[in-house]
1. Between residues in segment 317-339 that are closer than 19 Å to PRO240 by Cβ and aliphatic (A, V, I, L, M) and residues that are open to solvent by less than 20 Å² (accessible area, probe 1.4 Å) and assigned to a helix (DSSP H, G or I), which pairs lie under 8 Å by C-beta distance while being six or more apart or on different chains?
2. Can you tell me which residue in segment 320-334 is farthest from the chain's Cα centre (by Cα), limited to those that are surrounded by fewer than 18 Cβ atoms within 10 Å (Cβ to Cβ) and part of a loop (DSSP other than H, G, I, E, B)?
3. Among what's in segment 105-134 and is within 15 Å of ILE157 (Cβ to Cβ) and modelled with pLDDT of 75 or more, pick the residue that is surrounded by the most Cβ atoms within 10 Å (Cβ to Cβ).
4. With the condition kept exactly as written, say whether any residue in segment 135-154 is among the hydrophobic types (A, V, I, L, M, F, W, C), modelled with pLDDT under 75 and part of a loop (DSSP other than H, G, I, E, B).
5. Across segment 212-239, what is the total count of residues that are open to solvent by less than 30 Å² (accessible area, probe 1.4 Å) and free of Cβ contacts under 8 Å to residues at least 24 places away in the same chain?
6. What number of residues within segment 240-269 satisfy the criterion of being farther than 17 Å from THR319 by Cα, touching a residue at least 40 places away in the same chain (Cβ under 8 Å) and either more than 24 Å from the chain's Cα centre (by Cα) or open to solvent by 50 Å² or more (accessible area, probe 1.4 Å) (or both)?
7. Name the residue, out of LEU250, LEU288, LEU229, that is outside any strand (DSSP E or B), closer than 21 Å to ALA158 by Cβ and at pLDDT 80 or above.
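The values are calculated or read from the model by the stated rules, or taken from the named source; none is laboratory data. Predicted model only: the values in this text are computed from it and were never measured. Cβ: placed from backbone, ideal geometry, glycine included. Neighbour counts: every protein chain shown. These accessible areas exclude ligands, DNA and RNA; they are computed on the full protein's heavy atoms, side chains included. Shrake-Rupley method; radii C 1.70, N 1.55, O 1.52, S 1.80 Å.
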Amino acid sequence: MTKPSFLKQNAIAFLIPFTLLLALVITLNSGAFSTHQSQLSVFITIDFIVTIPFIYFLLIRKRQISNLTIAPFLILCVVVASYTIPTANQDTLDLVKTWLIPIIELSVFSIVILKVRKAIRYYSSLSKQQSDFYNILKKTCASIFPEGAAKLVANEIALIYYGFFNFKKIRLKANEFSNYKDSGILTTLSAFIFVIGIEMTVVHLLVIRWSPVFAWILTGLSFYSALQLIGIIRSVPKRPLVINNDYLHLRFGILSDTTIPIEAIKTIDFVGSSAIDKKNKETKTLSLLGEMENSNIIIHLKTPQHLNFLYGKPKSYTTLLLSVDDKHTFKTEIEQLIIR
């Protein structure tokens with residue numbers, strides 16, 4: 001059974017408030033309102049800025065929707081009221097714009113600061129248990145934001161952190177293995193950045209003659225793609241492969257990762273010593289770059305596992321291809337854990 005989407009799970013929390021907003025707009029365009037504008041305007045304004053936002057709050061408070069969404073929803077109500085309530089009857093609404101909006105902005109700012117402090121404390125407590133920044137970051141964001149937003153925020157922070165701030169060289173522990181020195185994959189990705197730079201310049205010069213705005217939009221998208229590649233490239237050495245007693249943690253920087261229970265591993269072999277069915281949908285490559293990765297290890301599983309990506313849904317696999325710099329030691333240690 002598939003898990004219901006976020007919108008399906010929370011449809012009622014959005015449907016009721018927007019239905020009430022629509023009902024107020026219809027009322028404002030009715031004959032009854034035209035007859036009693038001065039008397040009804042105050043009550044309708046209160047419904048816009050108090051009643052409906054409060055109902056929205058009651059509907060979301062026990063759901064996976066951030067309470068901070070009340071602020072943009074209230075602003076939406078004020079905007080709708082501004083365009084639908086006659087200008088001559090907006091005295092109460094003008095007071096709201098003058099006093100309530102600044103209070104909302106200050107409140108949201110204060111809440112964000114408190115949540116950031118909470119995140120810092122949470123990060124500090126997690127860092128004592130594990131050293132992988134990206135895992136800590138995802139758990140920290142999950143403690144603050146809804147599921148979808150948490151992943152998006154974590155990914156964007158990780159791209160910036162690995163791309164431009166983390167310059168410390170890590171020292172591999174006995175159970176950690178690098179996966180980029182012999183494959184040449186980082187050189188390939190760096191070449192992609194060079195190609196993006198050339199393409200960005202040429203396309204910009206051609207399109208700007210037709211539409212300057214569209215040209216700068218395309219340039220911005222290309223620049224963002226280059227920043228993503230820089231973050232991924234620099235994250236690969238920072239996130240080695242890890243072998244624990246019960247689990248195998250495989251990562252290609254922040255681009256993809258998977259955790260395999262040792263008991264789920266059927267066999268591990270060198271590429272070339274084991275048959276590979278490349279057309280099999282259950283065969284995946286850790287780096288997502290297929291043959292360009294120059295994989296030298298193949299892992300066959302007893303049960304399907306999931307490969308997680310920076311963006312998009314996880315994919316199931318029973319055979320995984322990857323590159324390991326010290327492939328002999330890596331294979332030997334896993335085989336020892338399998339037969340223990």
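1. Cβ pairs passing all conditions: LEU321/GLU293; LEU322/GLU293; VAL324/PHE330; ILE334/ILE262; LEU337/ILE262.
2. ASP326
3. The selected residue is TYR134.
4. Looking through segment 135-154, at least one residue is among the hydrophobic types (A, V, I, L, M, F, W, C), modelled with pLDDT under 75 and part of a loop (DSSP other than H, G, I, E, B).
5. Qualifying residue count for the region: 2.
6. Result for segment 240-269: 3.
7. LEU229
To keep it simple, each residue is scored yes or no on (1) open to solvent by less than 80 Å² (accessible area, probe 1.4 Å); (2) free of Cβ contacts under 8 Å to residues at least 40 places away in the same chain; (3) of a type in the set (Val, Ile, Thr); (4) in contact with a Lys or Arg (Cβ under 8 Å, 6 or more places away or on another chain).
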residue	(1), (2), (3), (4)
LEU59	yes, no, no, no
LYS62	no, yes, no, no
ILE70	yes, yes, yes, no
VAL78	yes, yes, yes, yes
ILE85	yes, no, yes, no
ASN89	yes, no, no, no
THR92	yes, no, yes, no
LEU95	no, yes, no, no
ILE103	no, yes, yes, no
